[in-house]
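No value in this document is a laboratory result; all are computed from the given coordinates. All figures in this text were calculated on a predicted structure; none of them were measured in a lab. Methodologically, a virtual Cβ is constructed for each residue, glycine included, from the backbone with ideal geometry; neighbour enumeration extends over all protein chains shown.
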Amino acid sequence: MSIPEITQKLLAAKKDKGLSFTDLEKILGRDEVWIAAAIYRQASASEEEAKQLVEALGLDESYVKELTEYPVKGLGPVVPTDPLIYRFYEIMQVYGMPMKAVIHEKFGDGIMSAIDFTLDIEKEEDPKGDRVKVIMSGKFLPYKKW
């Protein structure tokens with residue numbers, strides 16, 4: 001997976017400033033995962049959000065325009081090779097159909113929106129090793145008959 005040049009520059013500025021995504025969440029008033037998605041060009045920012053981000057990172061306003069453009073989303077048609085990202089791919093291979101079956105049983109025939117959607121990542125401390133808690137919440141959209 002290639003990382004866009006703007007993403008590389010934004011991440012370098014974030015590192016140089018010693019900022020975390022949590023720090024940026026406090027500055028922009030948007031969730032840290034959404035901010036990361038905007039930086040990785042998987043979400044588009046409003047002009048105000050882009051200006052706040054660019055200012056927080058100490059960059060010039062030339063980045064604002066690109067951050068507000070509609071991105072091309074997704075990893076592409078290949079199996080991800082990054083181990084962390086691959087684990088999510090593997091989770092969907094193993095649990096995708098069971099998740100689909102349970103969702104259909106509880107909600108009916110439809111999908112979970114990835115547009116009306118939130119994603120939170122939490123750290124759960126555990127004496128056996130810290131755990132990653134991923135919380136996805138998407139609006140249920142039933143298929144319509146016509």
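One table, with the values for the structure above:
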{"quantity": "Enclosed volume per residue, in Å³, of the convex hull spanned by Cα atoms of the chain", "calculated": "169 Å³"}
{"quantity": "Percent of C-alpha pairs per 5 Å bin, the range 5-68, short to long", "calculated": "4, 21, 36, 31, 8, 0"}
{"quantity": "Burial ranking of peptide ranges 29-41, 83-95 (average Cβ count within 10 Å, highest at the top)", "calculated": "29-41, 83-95"}
{"quantity": "Fewest-first ranking of Met112, Met97, using other Cβ atoms within 10 Å as the exposure measure", "calculated": "Met97, Met112"}
{"quantity": "Principal axis dimensions, the range 78-117 - Cα atoms, whole angstrom, descending", "calculated": "34, 23, 15"}
{"quantity": "Percentage relative contact order, the chain, counting C-alpha pairs under 8 Å, at least six apart", "calculated": "17 percent"}
{"quantity": "Rounded tilt (10° steps) of 83-107 against the dominant C-alpha axis of the chain", "calculated": "50 degrees"}
{"quantity": "Alpha-carbon radius of gyration plus Dmax, which is the widest Cα pair, for the range 66-146 in Å", "calculated": "16.1, 54"}
{"quantity": "Subset of Lys51/Lys133; Lys26/Lys123; Lys100/Lys128; Lys100/Lys133; Lys73/Lys145; Lys14/Lys128 violating a 27 Å alpha-carbon distance limit", "calculated": "Lys51/Lys133; Lys100/Lys128; Lys73/Lys145; Lys14/Lys128"}
{"quantity": "Total formal charge among the other residues, if their Cβ is under 14 angstrom from that of Asp23, Lys/Arg +1 and Asp/Glu -1", "calculated": "0"}
{"quantity": "Cα centroid of the range 1-40 to Cα centroid of the range 43-57, whole Å", "calculated": "10 Å"}
